[in-house]
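One structure below.
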Amino acid sequence: MIERDLEGWTIGFDLDGTLVETHEDLVGTLNRMLVQEGLPPAPMESARELIGGGARALLKHGFELAGASAERAASPELFDAFIADYIDHIADHSAPYEGVIETLETLAERGATLVVVTNKRSDLSELLLGKIDLTKHFAAIVGPDRVSVRKPSGCHLVEAVKSVGGDPERAIMVGDASPDVGCAREAGLPVIGVTFGYTPIPMEELEPDIIVDAFEDVEEAVDMIVVEHYVARALTGA
């Protein structure tokens, strides 16, 4: 039996580009919007860097890439059409990264509370995670509509941790991009950066506490942060 040495710790996870590879479905919806407007589709791989700022930002960047009007990209009708199409195709290709399920199971067995901290709308996040059978691993799924301020505000992370009964003094963020590192820094919490997600800025330049190249390395990174936390407390007599 695994010792529950992470009891009392809460780990927040970004969704797109951290837990789940979602770019094919997101860019697929973007391209259907572009084609409907008589515009060329965005190359699937080059459009990966467009992901991360939400549907409106994806539309804006995608339409700009195609040389189209930013005003059209910002229209409410197009946004509604994007969401409707994405709901229909949300898990056509999306799947957890290698090592995600095993790592989440082990962290939970060791006593950690796991929560999704995402800028993806909560209902869309719940739909996606339900379709790929990841919902059961998390105490809550906290999108931007369930907090006072979204990432990169530290409020998003702190409020998500508190929503599952966690202590912000014993919480860790795991993410793939600037909003994840930024929210942890503002909250004064440690952050693990993954290199396989969606960020136009290399993870090394974002300077998280620990960088991992594979999800199965997250557990070891968590252990390093936890040990450092208790060492610091022992040195200060806290």
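Close contacts from the range 119-132, counting a first residue that is in contact (Cβ under 8 Å) with a residue 40 or more places away in the chain and a second that is among the basic types (K, R) and crowded, with 18+ Cβ neighbours inside 10 Å, with Cβ to Cβ under 8 Å and a gap of 6+ residues or different chains, come to N119/R150; N119/K151; L128/K120.
For every residue, the table says whether it meets (1) assigned to a loop (DSSP other than H, G, I, E, B); (2) buried (at least 18 other Cβ atoms within 10 Å of the Cβ); (3) of a type in the set (S, T, Y).
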position: L30; (1), (2), (3): no, yes, no
position: L34; (1), (2), (3): no, yes, no
position: P41; (1), (2), (3): yes, no, no
position: E71; (1), (2), (3): no, no, no
position: A81; (1), (2), (3): no, no, no
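Can you name every residue in the range 158-182 that is part of a helix (DSSP H, G or I), over 20 Å from V20 (Cα atoms) and not small (G, A, S)? Selection gives V158, E159, V161, K162, P168, E169, R170.
Quick check: is even one residue across the range 147-157 out of contact with any Leu (no Cβ under 7 Å at 6 or more places or on another chain), in a helix (DSSP H, G or I) and touching a residue at least 60 places away in the same chain (Cβ under 8 Å)? No, the range 147-157 contains no residue that is out of contact with any Leu (no Cβ under 7 Å at 6 or more places or on another chain), in a helix (DSSP H, G or I) and touching a residue at least 60 places away in the same chain (Cβ under 8 Å).
Matching residues to (1) modelled with pLDDT under 95; (2) outside any strand (DSSP E or B):
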| site | (1), (2) |
| --- | --- |
| G193 | no, no |
| E204 | no, yes |
| I211 | no, no |
| E216 | no, yes |
| E220 | no, yes |
| M224 | no, yes |
| Y230 | yes, yes |
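Whether any residue in the range 132-144 is open to solvent by 20 Å² or more (accessible area, probe 1.4 Å), hydroxyl-bearing (S, T, Y) and within 25 Å of E220 (Cβ to Cβ) is what I want to check. No, the conditions are met nowhere in the range 132-144.
Would you confirm, using the coordinates I've provided, whether V174 is at pLDDT 95 or above, within 14 Å of the chain's Cα centre (by Cα), closer than 21 Å to I225 by Cβ and of a type outside the set (S, T, N, Q)? Judged against the criteria, V174 is a match.
Between A73, A68, A55, the distinction of being within 20 Å of D123 (Cβ to Cβ) and of a type in the set (A, V, I, L, M, F, W, C) belongs to A55 only. If the condition is being more than 22 Å from R150 (Cβ to Cβ) and either open to solvent by less than 30 Å² (accessible area, probe 1.4 Å) or touching a residue at least 24 places away in the same chain (Cβ under 8 Å) (or both), then the range 54-66 contributes F63, A66. Consider the range 125-137 and keep the residues that are more than 13 Å from the chain's Cα centre (by Cα) and of a type in the set (A, V, I, L, M, F, W, C). The one that is farthest from D88 (Cα to Cα) is L134. Scanning the range 8-27 for residues that are over 15 Å from the mean Cα position of the chain (by Cα) and part of a helix (DSSP H, G or I), we see that the one that is surrounded by the most Cβ atoms within 10 Å (Cβ to Cβ) is V27. Within the range 192-210, the set of residues being open to solvent by 40 Å² or more (accessible area, probe 1.4 Å), more than 15 Å from the chain's Cα centre (by Cα) and β-branched (V, I, T) comprises just one member, I201. Given the condition modelled with pLDDT of 95 or more, of a type outside the set (F, W, Y), in contact with a Phe, Trp or Tyr (Cβ under 7 Å, 6 or more places away or on another chain) and outside any helix (DSSP H, G or I), answer yes or no: does some residue in the range 47-57 qualify? Checked the range 47-57: no residue is modelled with pLDDT of 95 or more, of a type outside the set (F, W, Y), in contact with a Phe, Trp or Tyr (Cβ under 7 Å, 6 or more places away or on another chain) and outside any helix (DSSP H, G or I).
Is it the case that the range 102-117 has a residue that's at pLDDT 95 or above, in a loop (DSSP other than H, G, I, E, B) and of a type outside the set (G, A, S)? Yes, the range 102-117 contains at least one residue that is at pLDDT 95 or above, in a loop (DSSP other than H, G, I, E, B) and of a type outside the set (G, A, S).
The values are calculated or read from the model by the stated rules, or taken from the named source; none is laboratory data. Note that this is a predicted model, so its numbers are computed, not measured. Using ideal geometry, Cβ is built from the backbone for each residue, glycine included, and neighbour counts are taken over all protein chains shown. To get the accessible areas, we keep the full protein, side chains included, count just its heavy atoms, and leave off ligands, DNA and RNA. Shrake-Rupley method; radii C 1.70, N 1.55, O 1.52, S 1.80 Å.
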